[in-house]
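Visitor: Sharing a structure, written as structure tokens. Questions coming.
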Amino acid sequence: MNATKIKLIGGDGFGNLYTGAVLQKFITDAGMELVDHADEADYIFASLCDPDDLDVAKKAHELAKGKPVIMGGFESYFCIPYFAWVDHVVVGEGYDFIKKFGQDPEEALDMDCVMSSPDDVVYPSYNVPFNKYPLLKVPGRNRFYFLTGKGCRGNCKFCGTNWVQPYQQASKYRVKNVLRSVEKKKWGKINLISNDSGRVYESGAINAQSCRIQDYLKEPNRYKSNMLHFGIEAWTEEKRREWGKPVSNEEIREAMRVTREQSQECEFFFIVGYKGWSMDKVKHFAETVIPANAEKGPRIYMKMTYFDAVPHTPLADEDINLSYCDTKEVFNIMNSRVTRMRVFPTRSAGRSAWRSILHRCDPEEAEVLGKQPKTTNTETAFAEFVQDLKDKGLEHRLTTPNEKYDNIKVTTSMRQAKERGQVE
């Protein structure tokens, strides 16, 4: 019996990324053959992890020439628009599906986690066999990636991660063994792939680490990496509490003080452009939260992202009406008080809004919507995008979410997932 032949594609750099390595391993372990050219394949597998990967779905459709296109990846939870280009979507984790597909493709496509039209009711797969995930070396000096967790313990109302899947972690003993092996290598560095800082691994080999400010302040000596990521998100205590991100102003000030003492570089993540937001929020935050200090290091990088109404989250129904954030002015405001502060550029409000609108589209609307705008972060970018939506007859999606997401039965409860058969 000939092995089923699969053409696997993903986004930019997919061949050197962790997801690509995992899928290649799972496919070959299931007894299937990976082929280089689509015309040799029986099926096209397309992995989409972000709306930026939209072209992957389009490319898969073009390569397939009538062969079935099967989509997976994190975008599977938000897959309604992608049916314009794909035939089936594996919602959630892919391991069980790929294993079954190697035995019998027809049976695999009949699994509860497989959506074959926006009208199908599906139950995402949440089975994560951490012991089967590889340690991946990426190009360059001894740089590695390793999966340590899925989901998140938090309940931030704006974030899809903790609303579409239960929280799971790899065995701490397995992770520690991986860390020891990397530590032994010259210039060994590793990125632990996870969505929160549930367990703290003390290792100088860790390249970057996300953690809650509250956890860091309890034991700052335990968090040692090239860069720490702190999610602050909203610009006032009131809004942070409303969003399920209860970081106080005093904790932010204390984190700045302690990271200075620890010579620890970090990133502060913020959301901008949401309802009620304006540049005045930035000025007020600087004046009331940021203590003036002339020291130049260690650096604090501010990364700002325009609000995104993500399906399945409590804020999924929010109107898309983004206020402009002038990142250069943010830098001037912050750096005038603390010279440690740096500000990353951000994608335009028009490009950010496109992401929300894409997820709200039916397949036919997604084809009309087209590609992400190429606008830079200017004051007129959002208005230009809105005008484009009006011209295409899609303006209603600024205020109207897609009800078809009710067909994707996500859960954050591991108990419920087990009862539903979504995890072993």
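Visitor: Per DSSP H run of at least 4 residues, take -39500 (n - 2.57); add these up for the chain, divide by its residues and hand me the 222 nm value, nearest 500 deg cm²/dmol. The partial results should precede the final answer.
Guide: Numbers: 15 runs with 136 residues, N = 424.
Helices in the chain give a 222 nm mean residue ellipticity of -9000 deg cm²/dmol.
Visitor: Please give the contour-minus-distance gain from Leu34 to Glu250: 0.36 nm per residue of separation, less the Cα-Cα distance, rounded to one decimal in nm.
Guide: Gain on stretching Leu34 to Glu250: 72.4 nm.
Visitor: Moving on. Rounded if a/c is under 1.5, else prolate if a/b is larger than b/c, else oblate: which is segment 6-70, with a ≥ b ≥ c the root eigenvalues of its Cα gyration tensor?
Guide: Verdict is oblate for segment 6-70.
Visitor: Contour minus end-to-end for Asp110 and Ser171, with contour as 0.36 nm per residue of separation and end-to-end as the Cα-Cα distance?
Guide: Working it through step by step, the gained length comes to 18.8 nm.
Visitor: Of Ile98, Phe14, Cys79, which is farthest on the positive side of the dipole of segment 5-117, counting Cα position, with +1 on Lys and Arg Cβ, -1 on Asp and Glu Cβ, and the Cα centre as origin?
Guide: Looking along the dipole axis, the top candidate is Phe14.
Visitor: Can you tell me what the convex hull of the Cα atoms of the chain projects to on average, as an area in nm²?
Guide: So the Cα hull casts an average projection of 20.9 nm².
Visitor: Using Cα-only point scatterers and the Debye equation, what is log10 of I(q)/I(0) for segment 286-391 at each q in 0.11, 0.14 Å⁻¹, rounded to two decimals?
Guide: -0.46, -0.66
Visitor: Would you pull out the residues with amide H under 5 Å of Ile271's amide H, same chain only if 5 or more places away, H placed 1.01 Å from N?
Guide: Here the answer is Glu233, Ala234, Thr305, since their amide H atoms fall under 5 Å of that of Ile271.
Visitor: Something else: In whole Å and largest first, what semi-axes does the C-alpha gyration tensor of segment 5-117 yield when each eigenvalue is scaled by 5 and square-rooted?
Guide: Equivalent ellipsoid semi-axes, largest first: 17, 16, 14 Å.
Visitor: Once fully extended, how much extra length lies between Lys25 and Val258, figured as 0.36 nm per residue of separation less the alpha-carbon to alpha-carbon distance? Walk me through the numbers on the way to the answer.
Guide: Values: separation 233, 0.36 × 233 = 83.88 nm, distance 4.25 nm.
Value of the extension gain: 79.6 nm.
Visitor: So, one more: In debye, nearest 20, what is the charge dipole magnitude of segment 5-117 about its Cα centre with +1 on Lys and Arg Cβ and -1 on Asp and Glu Cβ, if you could check?
Guide: Using Cβ point charges on Lys, Arg, Asp and Glu, segment 5-117 gives about 140 debye.
Visitor: How do Ser181, Ser413, Ser203, Ser47 line up, fewest other C-beta atoms within 10 Å first?
Guide: Ser413, Ser181, Ser203, Ser47
Visitor: Let me ask something else. Using a simple charge model, +1 on the beta-carbon of Lys and Arg, -1 on the beta-carbon of Asp and Glu, nothing else, what dipole does segment 135-346 show about its Cα centre, in debye to the nearest 20?
Guide: Roughly 1420 debye for segment 135-346.
Visitor: Give me P(r) over segment 163-305, computed from all C-alpha to C-alpha distances, binned every 5 Å, as integer percentages.
Guide: Each 5 Å bin holds this share of Cα pairs: 2, 8, 17, 20, 19, 14, 10, 6, 3, 1, 0.
Visitor: Rounded to the nearest 20 Debye, what is the dipole magnitude of segment 299-411 about its Cα centre when Lys and Arg each give +1 and Asp and Glu each give -1 at the C-beta?
Guide: 920
Visitor: In what sequence do Val56, Val138, Val310, Val121 fall when counting other Cβ within 10 Å, fewest first?
Guide: By the 10 Å Cβ count, ascending: Val121, Val138, Val310, Val56.
Visitor: Sequence gap at least 6, Cα distance under 8 Å: using those rules, report the relative contact order of segment 351-403 to the nearest whole percent.
Guide: On the way: 33 pairs, mean separation 26.5, N = 53.
Value for segment 351-403: 50 percent.
Visitor: Output needed: Cys residues of the chain lacking any neighbouring Cys C-beta below 4.7 Å, sorted by number.
Guide: So far as the 4.7 Å Cβ criterion goes, Cys49, Cys79, Cys113, Cys152, Cys211, Cys266, Cys325, Cys361 stand without a partner in the chain.
Visitor: Let me make sure I get this right: for segment 336-424, a, b and c are the square roots of the gyration tensor eigenvalues over alpha carbons, sorted descending. Under 1.5 in a/c it's rounded, otherwise prolate if a/b > b/c, else oblate. Which is it?
Guide: On the way: a/c = 3.43, a/b = 1.31, b/c = 2.62.
The shape class here is oblate.
Visitor: Can you give the % of DSSP beta bridges in the chain that are antiparallel, to the nearest 5?
Guide: About 15 percent, rounded to the nearest 5.
Visitor: Per residue of segment 108-118, in order, report the coupling 6.51 cos²θ - 1.76 cosθ + 1.60 (Karplus, θ = phi - 60°) as ³J(HN,Hα) in whole Hz, putting x for Gly and Pro.
Guide: Going residue by residue, I get 4, 5, 9, 5, 5, 8, 9, 9, 10, 6, x Hz, with x marking Gly and Pro.
Visitor: I would also like to ask the following. If the reach is capped at under 20 angstrom between alpha carbons, list the aspartates and glutamates near Lys59, excluding any in the same chain fewer than eight residues apart.
Guide: Once the sequence-local aspartates and glutamates are set aside, what remains near Lys59 is Asp12, Asp36, Asp39, Glu40, Asp42, Asp50, Glu75, Asp87, Asp362, Glu364, Glu365, Glu367.
Each value in this text was obtained by applying a stated rule to the coordinates, not by laboratory testing. Since the structure is predicted, the reported quantities are computational estimates derived from the model, not experimental observations. Note that we place each Cβ from the backbone using ideal geometry, even for glycine, and neighbour counts take in every protein chain shown.
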